[in-house]
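Read through the structure below, which is laid out as structure tokens, and then see the notes.
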Amino acid sequence: MSADQRLASEITGSAGIESDMFKRKDIAHLLIHHDNVVGMHAVDGLEIKTKKIKDGVKIDLRLKEGTTVKNPVQMCFGMMPKKGLQHIVLNAVIEKDAHINILAHCTFPNAIDVKHVMDAELTLEENASYKYYERHVHSDKGGVQVIPKAKIHVGKHARYITDFELLKGRVGLIDIDYETTCEEKSTLEMNARINATHEDKVKIREIGHLNGAHSRGVLLSRVAVRDQAEAEVYSELTASAPYARGHVDCKEIVQDDGIVSAIPIVKVNHPKAHITHEASLGSVDSKQLQTLMARGLSEDDATDLIIQGLLK
Amino acid sequence: MGLLEVKNLSLHINGKHILRDVTLDVWRGHIHALVGTNGAGKSTLASAIMGLEGYREVTGKIYFKGERIDDLSIDQRAQKGITFGWQEPARYEGISVNDFVGAGISNDENDKEAIIADALQQVGMKPDDYLTRAVDETLSGGERKKIELASIIAMNPPFIMLDEPDSGIDVATLERMADAIKLLKERGTTVLLITHSLAVMRQADHAFLMCDGQIIEKNTADKIIPYFEQNCIPCNHKNKPDIERAREAIE
Ligand SMILES: Nc1ncnc2c1ncn2[C@@H]1O[C@H](COP(=O)(O)OP(=O)(O)OP(=O)(O)O)[C@@H](O)[C@H]1O
Ligand SMILES: [Mg+2]
């Protein structure tokens, strides 16, 4: 086994991905350890170019017009060492009528002081779709800083869905900053589900501009905070065209000495546009809790079940 | 001795006297109806028996299987064998029907799946259609109500209180729900049905008639029902309850 192969199997193993996945010709993949591409495979219509940069990799991804990538593209960004910086620059263009799902695994299983910075720029052309599921596996030490920034342009009729989830380990620091512009009849869905403990800090900044007529946008965040953890969710959604419809939905559950805040900003610049906003902060819903307790669950077990559901 | 004994239970909420000196016995293995018009205090009494938030500061005593339970938390009361089905059940996010219905099944039970499937079937729901769905706002009010009952059937405690089990349920399903309740009785479960529906009352052996936070009369269901129909429904809290007159009329 070469050094690259060894790193590839280490990062994918720690992310819990089956290694068979990377032997298949019909599944595209891109595996990056620190600043090193340790595995890559593209499928028809998908072009992936990479370039080493300081402490990271620049990726240019292009999906050709009319291509539908059948199986989710497996990406894995990882750092096995305890310390270091990983900087990923991603430029993606999904051409007209092209469709892709990406499953990005970010894994920092030994982190004591690891910083993962992502700078992404995405363009979805007319009628394209892009689903990006980002799954994180961190160490239990809390020494990870995850700083993803993305600017997304969603063209006419196009559909952009992103889902951020921390599956295992501690948050450390997560500072998400996504800004999306939507054209006519396009769809935007941004979901973040994070469970913070100890001294973790979560910052979510999500901005959507519904500029096109009939565009739709949902900004959804679910954060559970316990111990001394803190979370701040800033959601901004603007609707500036007829029949643009949007919804901001933020739930943050606090236990112990956790602190949460939510700053929703909803703006409507057109009389035929419509935005709704819903936020709930604090303890778990008391009726939900009491129902489960009336089935014999302890308060802690009932709370855990409710939070698990929320983060699912 | 009753399975559940309530003795001189009173409750004030924000200075308002809501339960007034309630005393009753619930008999093991029987179906009881707690009957009264809107606002009589039925849900409040059940909430106090379950120990729900806001309904715990009672005076008087509640015994279950001869043990005082009025100081216990909700989950402790549930572990002793009491549960409660809400008039309007809570909705969740991300909790599946499978996990919700299975929540009250003991961890020592090794055939959880079969119990969950059986409970859903008893309320007329096909397990395959529902198990993986979330118990959230995508379920209709009636479906949510049935799942609440299924979760109670799966838990299988000795004493069950159901608050308006028929509300939001269509006619065809009502029969199924009635069958499910009959089956509970066959299993030996003690049931308290909270209701102002005559159809539900008719399923009961015994009935407690409640008005203005008081128990006006306890008797067999077939004696309480006509009185309720002829007197309580037309009155609907216009007059103060006259316990003596009611007792005479019922007897
Ligand atoms: N938390 C509360 N705060 C103030 N008043 C309350 C509270 N809970 C109940 N009440 C009052 O107590 C009275 C009895 O209410 P309860 O819900 O027990 O009636 P019910 O018999 O269940 O009626 P329904 O058939 O409408 O469900 C009502 O007047 C109600 O407004
Ligand atoms: Mg009621």
Study note, to complete from the structure: Phi-derived 3J(HN,Hα) across the stretch B:37-53 with the Karplus relation (6.51, -1.76, 1.60, θ = phi - 60°), rounded Hz, x for Gly and Pro, is 6, 3, x, 5, x, 5, 5, 4, 4, 5, 4, 5, 5, 6, x, 5, 3
**Study point:** Proximal aspartates and glutamates to A:K168, defined as alpha-carbon separation beneath 15 angstrom and excluding residues fewer than eight positions away on the same chain
**Key:** A:E134, A:D140, A:D200
Check your understanding: What's the average, rounded to a whole number, of partner chain beta-carbon atoms within 10 Å of each residue's beta-carbon in B:47-57?
Key -> 2
Review point. Per residue Cα convex hull volume for chain A, in cubic angstrom?
Key: 129
Revision key, fill the gap. Once amide hydrogens are built 1.01 Å from N within the peptide plane, the residues lying 5 or more places from A:V73 or on another chain with amide H under 5 Å from its amide H are A:N101, A:I102, A:L103
Study note, to complete from the structure: The ³J(HN,Hα) series, computed from each phi in the stretch B:65-72 with the Karplus coefficients 6.51, -1.76 and 1.60 at θ = phi - 60°, rounded to the nearest Hz and given as x for glycine or proline, is 6, x, 9, 5, 10, 5, 9, 7
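Beyond 21 Å between alpha-carbons counts as too far, so tell me which of A:K287/B:K126; A:K54/A:K96; B:K42/B:K240; A:K58/A:K115; A:K54/A:K82; B:K7/B:K218 fall in that bin. Can you show the working numbers first?
Details: A:K287/B:K126 26 Å; A:K54/A:K96 33 Å; B:K42/B:K240 17 Å; A:K58/A:K115 16 Å; A:K54/A:K82 18 Å; B:K7/B:K218 14 Å.
Violating the 21 Å limit, Cα to Cα: A:K287/B:K126; A:K54/A:K96.
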Study note, to complete from the structure: Straight-line reach check, B:K80, cutoff 18 Å on alpha carbons, 8 or more apart in-chain or any other chain, hits among aspartates and glutamates -> A:E299, A:D301, B:E5, B:D25, B:E67, B:D70, B:D71, B:D108, B:E109
Check your understanding: Using Cα atoms only, what is the angle between the long axis of helix B:112-122 and the major principal axis of chain B, expressed in degrees (0 to 90) to the nearest 10?
Key -> 60
Study note, to complete from the structure: Heavy-atom accessible area of A:R205, protein chains in place, probe 1.4 angstrom, given in Å² to nearest 10, is 100
Practice item. At a Cα cut-off below 20 Å, give the aspartates and glutamates reachable from A:K49, other chains included and same-chain residues fewer than 8 away excluded. Key: A:D4, A:D26, A:D35, A:D60, A:E65, A:E95, A:D119, A:E121, A:E125
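Mean residue ellipticity at 222 nm from the helices of the protein assembly as shown, using -39,500 (n - 2.57) per DSSP H segment of n ≥ 4 over the full residue count, to the nearest 500 deg cm²/dmol?
Working: 13 runs with 121 residues, N = 563.
That calculation yields -6000 deg cm²/dmol at 222 nm.
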Practice item. Return the carbon/sulfur percentage of the accessible area of the protein assembly as shown, one whole number, probe 1.4 Å, all protein chains in place. Key: 46
Review point. What is the Cα centroid distance between the stretch B:222-249 and the stretch B:24-56, reported in whole angstrom?
Key: 19
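The values are calculated or read from the model by the stated rules, or taken from the named source; none is laboratory data. Remember, predicted model here, so these are calculated numbers, not experimental data. Cβ: placed from backbone, ideal geometry, glycine included. Neighbour counts: every protein chain shown. Just so you know, the surface numbers come from the protein's heavy atoms only, side chains and all, with ligands and any DNA or RNA stripped out. Shrake-Rupley method; radii C 1.70, N 1.55, O 1.52, S 1.80 Å.
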